[in-house]
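Asker: The following block contains the structure, expressed as structure tokens.
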């Protein structure tokens, strides 16, 4: 509670407003891009925790854990919205799900031993690579038609699950461009990414909650590395706006959707690299 006592009521009101605004934007992005909102939530929480004076050793862990927890209801609503519009490919999900879960477990264990700076570097680096790929990818470019064999699919799924867990994102950030490069239609890739977000966020959030139990210097109102105050303010906003994003996704052509995706990733990456400087 000492962190909050250092600031005025007006400052705390501004914090609450910022968290609500984060939830609104994250909800729209969850439906629009299938990213679960984590690509927005993680850096915003990181900077808010910085303003609050949360120790650097736990700052990024708390941002990632809280983000994964908020993604759970958002990804459920986003998946339902995309399924109604026929943009969920259950066959793809069934092939990817086992290895994605294995990747989440690997990422959860690794997060226990990585420093906050290491988590930040992972987030910024992967986000920038994906953004560049999406921005400069040539129309019609593809690695192959459909997922590879069992070994290749396991490698892709575990990579999506593990890296997404370390970044605190729902999986769409990686699964959307990967699936699109395998000639999966963009809208189907976005819908499938939303469903994978649910597969990643549930075990990922539980792992960060358990990893952070009894760890000192966490933000107030935290259960493990999950900040309950952030969840209470972000989740309702994301749940209210996810449907807007899903509806908007079906009114934008694939090229424009890819450009929007790339811009958000690039801006997020640059912000996180700036924090490491």
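The values are calculated or read from the model by the stated rules, or taken from the named source; none is laboratory data. Just so we're clear, the structure is a prediction, and the values are computed from it rather than from any experiment. Backbone-built Cβ (ideal geometry, glycine too); neighbour counts: all protein chains shown.
Asker: From the list 117, 91, which residue is without any contact (Cβ under 8 Å) to a residue 40 or more places away in the chain and over 16 Å from residue 171 (Cα atoms)?
Answerer: 91
Asker: Looking only at region 179-231, which residues are over 27 Å from residue 115 (Cβ atoms) and either over 15 Å from the mean Cα position of the chain (by Cα) or part of a loop (DSSP other than H, G, I, E, B) (or both)?
Answerer: 179, 180, 181, 182, 183, 184, 185, 186, 187, 188, 189
Asker: Please work out if residue 132 is part of a helix (DSSP H, G or I) and buried (at least 21 other Cβ atoms within 10 Å of the Cβ).
Answerer: Criteria not met by residue 132.
Asker: To continue, here is another question. Check region 191-201 and report whether any residue there is in contact with a helix residue (DSSP H, G or I) (Cβ under 6 Å, 6 or more places away or on another chain) and surrounded by fewer than 24 Cβ atoms within 10 Å (Cβ to Cβ).
Answerer: Yes - at least one qualifying residue is present in region 191-201.
Asker: Got at least one residue in region 55-78 being modelled with pLDDT of 85 or more and either under 24 Å from residue 146 (Cβ atoms) or not in a helix (DSSP H, G or I) (or both)?
Answerer: yes
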